[in-house]
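Engineer: Mind having a look at this structure? Questions to follow.
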Amino acid sequence: MSDARRSAPDDAFFWDGAAAGRLLIQRCADCGTLRHPPAPMCGSCGSLAWDTAEASGRGRVVSWMYSVHPNRPDDEPRIVILVQLDEGTRLVSNLIDPPRGGPYDDLPVTVEFCDDRGSLTPYFRVTS
Ligand SMILES: [Zn+2]
């Protein structure tokens with residue numbers, strides 16, 4: 001993947017997982033604490049050892065904003081959401097096909113991997 005979003009070795013697993021249609025969360029190999037965004041050290045126990053856990057892809061919207069600054073001139077406005085995953089970590093993403101009236105607190109959402117300029121990216125859709 002020649003993706004500019006892959007900015008550090010710490011998050012390469014995240015984008016490799018997304019490319020395979022899997023939502024991965026970094027997990028401390030010593031105490032099991034999940035963390036996102038990825039970081040080299042566990043904030044709970046200080047361990048540098050980590051592996052990954054696959055998230056269910058389900059969560060709830062805890063905050064959102066309408067982005068009126070497109071990445072490219074032909075981009076549509078996006079709804080940027082903060083999702084609280086069922087596993088407990090939070091993830092910033094985009095909401096696709098928002099409900100009439102827009103997003104709201106505690107809106108249940110499910111991950112959907114969408115092609116974003118050639119890379120599969122985890123976006124979220126309202127859980128049906
Ligand atoms: Zn730990």
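The values are calculated or read from the model by the stated rules, or taken from the named source; none is laboratory data. Please read all numbers here as calculations on a predicted model, not as lab measurements. All Cβ positions, glycine included, derive from the backbone under ideal geometry; neighbour counts span all protein chains shown. Just the protein is used for accessible areas: all its heavy atoms, side chains included, with ligands, DNA and RNA removed. Shrake-Rupley method; radii C 1.70, N 1.55, O 1.52, S 1.80 Å.
Engineer: Excluding ARG60 itself, calculate the net charge of residues whose Cβ lies under 15 Å from the Cβ of ARG60, where each Lys or Arg counts +1 and each Asp or Glu counts -1.
Structural biologist: -1
Engineer: Right, here's the next one. Got a number for carbon plus sulfur as a percent of the chain's accessible area, 1.4 Å probe?
Structural biologist: Reported share for carbon and sulfur atoms: 52 percent.
Engineer: While we're looking at this one, here's another question. In nm, give the distance between the simple-model label positions of ASP116 and VAL80, each being 7 Å from the Cα along the Cα-to-Cβ direction.
Structural biologist: The modelled label-to-label distance comes out at 1.1 nm.
Engineer: With a 1.4 Å probe and all protein chains left in place, how much accessible area per residue does the chain have, in Å²?
Structural biologist: That works out to 58 Å² per residue.
Engineer: How much length would be gained if the chain were fully extended between THR127 and ASP51, taking 0.36 nm per residue of separation minus their Cα-Cα distance, in nm to one decimal?
Structural biologist: That works out to 24.5 nm of additional length.
Engineer: Lone cysteines in the chain, defined as no other cysteine's Cβ under 4.7 Å from theirs: which are they?
Structural biologist: Those would be CYS114, since no other cysteine Cβ in the chain comes under 4.7 Å of theirs.
Engineer: Give, in nm to one decimal, the length gained when the segment between CYS31 and MET65 is fully stretched (0.36 nm per residue of separation minus the Cα-Cα distance).
Structural biologist: 8.8 nm
Engineer: Here is a follow-up. Where does each of VAL62, VAL109 land when they are ordered by accessible area, with a 1.4 Å probe and the largest first?
Structural biologist: The most accessible residue leads, giving VAL62, VAL109.
Engineer: Which order, highest average first, do 114-127, 44-57 follow once you tally other Cβ atoms within 10 Å for each residue and take the mean per peptide?
Structural biologist: On the way: 114-127: 16.0, 44-57: 13.9.
Highest-to-lowest ranking by the protection proxy: 114-127, 44-57.
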